[in-house]
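This report concerns only the one structure given below.
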Amino acid sequence: MSTPAPTPAPTPASARKSTARYDALIVGGGFYGARLALMLRRRFDRVLLVEREAILLGRASLNNQARVHGGYHYPRSILTSLRSRHNYPRFVDEYGDCIDRSFPHYYAVARGVSKVTGNQFAEFCRRIEAPLSKAPAAVARLFDSTRVDAVFEVQECAFDAVKLRERTSRELVDTGVEVRTSTEAVSVRNAPDGARVTLRHAGAESEVLSSLVLNCTYSRGNQLLEHSAAARIPMKHELTEMAIVHPPDELQGAAVTVMDGPFFSLMPYPPRGLFSLSHVRYTPHCSWDDNRSAEQALACAQSRFSHMAHDAARYLPCMRNTRYVDSLWEIKTVMPRSEQDDSRPILFRRSAELPAVITVLGAKIDSVYDVEDALAQAHSS
Ligand SMILES: Cc1cc2nc3c(=O)[nH]c(=O)nc-3n(C[C@H](O)[C@H](O)[C@H](O)COP(=O)(O)OP(=O)(O)OC[C@H]3O[C@@H](n4cnc5c(N)ncnc54)[C@H](O)[C@@H]3O)c2cc1C
């Protein structure tokens with residue numbers, strides 16, 4: 001008969017390592033994660049926000065086109081347009097100190113090859129009650145009238161992601177959300193009353209418990225689910241390039257969007273005091289339906305600025321005077337159903353395998369309000 005193993009001496013309570021417990025853990029410190037952490041802090045005592053980068057709002061929330069969508073962009077998805085019409089004034093009022101509205105904004109509708117005509121676009125704006133007027137003649141003359149059907153002046157502004165970061169960081173401190181940067185959430189397991197989350201910081205792993213986990217990791221949402229043995233959510237990822245440029249003098253600091261189809265946008269990019277140039281055909285460099293090739297795709301990306309400017313100059317000849325500075329590279333993630341109608345629905349999905357985990361994907365900065373509504377509803381039901 002073998003000798004029974006000695007019973008280990010009980011660990012004194014003072015030496016026992018207790019796992020920190022939170023009411024809510026938000027993974028991902030982009031604008032969505034930060035804003036939702038603030039919302040949850042109003043409801044709960046212990047809220048933790050973890051971000052794998054060294055700073056908050058450093059990924060898609062910074063590397064984007066900075067347009068606060070006023071509904072004009074989606075003539076093929078009236079629902080998305082109406083949500084923007086609803087959220088635009090809310091966002092602009094609340095974040096007035098992070099907004100640039102110092103520039104005129106012109107939308108031009110291409111002739112023949114556009115999915116809408118100038119008249120259809122004007123009718124669409126009337127239906128969604130989006131302010132629209134004819135662009136001044138001096139502006140309309142800048143466009144090639146053989147390729148452009150109509151030019152309108154619209155009311156749409158830009159946000160400054162660095163100001164948003166400064167403001168949200170202050171608010172997180174003031175409201176007592178615990179923030180850990182350079183900290184990655186590696187995986188999640190079910191635990192009594194919630195989830196056990198493994199975090200990695202400076203190469204060392206630790207665990208925390210939380211009743212609720214919000215997966216606000218945008219393009220990496222599936223990675224966290226996969227490492228947690230939970231089912232992936234269909235998402236489409238694109239490696240995107242926004243060229244950062246000096247605009248042509250002729251435009252005098254105006255924003256221009258030519259639509260609706262494979263056209264381009266020139267928008268102020270407030271964090272740099274410059275403009276971004278994006279092109280429907282050239283901004284996406286490649287796409288895939290999971291996260292695996294993201295780093296590889298980023299490593300071999302080559303700018304397509306000259307293609308963007310060359311094509312844009314066919315509609316707006318002065319675009320050939322655009323001067324390139326550098327590019328913002330980011331992974332853009334959308335729901336596959338957006339491909340059909342260019343819509344931008346939000347994703348708000350509880351994991352079947354990990355009931356404490358909700359994955360969130362916001363398509364636009366202002367759709368954070370729709371996510372907040374969904375979260376409030378989930379908590380009241
Ligand atoms: C090219 C481009 C142009 C766009 N143009 C516009 C526009 O003009 N107007 C508009 O409204 N919207 C635009 N968007 C969309 C907008 O940027 C996003 O909807 C918004 O930024 C999403 O915010 P987020 O917080 O979900 O994502 P992010 O800002 O990317 O935040 C996610 C965070 O999660 C972190 N993270 C990932 N995995 C982990 C992990 N395991 N642990 C800890 N942290 C993790 C990341 O480091 C990141 O900081 C654009 C997006 C792109 C890419």
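Do the conditions hold for Glu241, that is, is it assigned to a helix (DSSP H, G or I) and at pLDDT 95 or above?
So Glu241 does not fit the description; no.
Would you call Arg147 under 28 Å from Glu250 (Cα atoms) and not hydrophobic (A, V, I, L, M, F, W, C)?
Judged against the criteria, Arg147 is a match.
Which of (1) in contact (Cβ under 8 Å) with a residue 24 or more places away in the chain; (2) over 19 Å from the mean Cα position of the chain (by Cα); (3) open to solvent by 70 Å² or more (accessible area, probe 1.4 Å) is the odd one out, the single condition Leu79 does not satisfy?
(2)
Thr175: near the ligand (Cβ under 9 Å from one of its atoms), more than 19 Å from Ala352 (Cα to Cα) and in contact (Cβ under 8 Å) with a residue 40 or more places away in the chain, yes or no?
no
Only one residue in Leu62, Leu57 is open to solvent by less than 30 Å² (accessible area, probe 1.4 Å), near the ligand (Cβ under 9 Å from one of its atoms) and assigned to a loop (DSSP other than H, G, I, E, B). Which one?
Leu57
Would a scan of region 267-290 turn up a residue that is at pLDDT 90 or above, out of contact with any Ser or Thr (no Cβ under 9 Å at 6 or more places or on another chain) and in a strand (DSSP E or B)?
yes
Among the listed residues Thr3, Thr80, Thr7, Thr11, which satisfies the condition of being in a helix (DSSP H, G or I) and at pLDDT below 85?
Thr80
Any idea which residue in region 18-40 is nearest to the ligand (Cβ to nearest atom), counting only those that are more than 18 Å from the chain's Cα centre (by Cα) and open to solvent by less than 10 Å² (accessible area, probe 1.4 Å)?
Leu25
The values are calculated or read from the model by the stated rules, or taken from the named source; none is laboratory data. Here the structure is a predicted model, which means the values were calculated and not measured. When we count neighbours, we look across all protein chains shown, and the Cβ atoms used for this are built from the backbone with ideal geometry, even at glycine. Each accessible area value is taken on the protein alone, full model and side chains, heavy atoms only, with ligands, DNA and RNA left out. Shrake-Rupley method; radii C 1.70, N 1.55, O 1.52, S 1.80 Å.
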